[in-house]
C-alpha cells in the first residue's frame, strides 16, 4: 500500500515545562524568565517520559515542578475521541 493512501495518525500534542514555585501550595512560579520548556511531544507517553526525566534531574530542589500540558485539548476541547488513558 502506498504511503499517500494511508491516513496519518492524529497528532495529540503535549508540552512539558517546569519551573521553581514560590509557594508549594499553589502553582505560582518564582521567576517566569527561568521556566524550563522541555519540549513538545507527539503523544502522552513520550511527554510522560520527558516529564519524568526532567523531574528526576531536579529532585534535590523541592520547589521545582514540571507539568504536562495537553495541547491537543486546547486546539479542539470538545473532541471526546482524543481522550487518552493516562
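The values are calculated or read from the model by the stated rules, or taken from the named source; none is laboratory data. Predicted, not measured: the structure shown is a model, and the values here were computed from it. Positions of Cβ are generated from backbone atoms using ideal geometry, with glycine treated the same way; all protein chains shown enter the neighbour counts.
Selection over the stretch 7-24 of residues that are within 14 Å of residue 45 (Cβ to Cβ) and either modelled with pLDDT under 95 or assigned to a loop (DSSP other than H, G, I, E, B) (or both) gives a count of 4. When 85, 78, 59, 27 are checked against the criterion of being touching a strand residue (DSSP E or B) at 6+ places or on another chain (Cβ under 8 Å), in a loop (DSSP other than H, G, I, E, B) and modelled with pLDDT under 95, 27 stands alone in meeting it. Looking only at the stretch 20-69, residues that are over 29 Å from residue 10 (Cα atoms) and without any contact (Cβ under 8 Å) to a residue 12 or more places away in the chain come to 10 in all.
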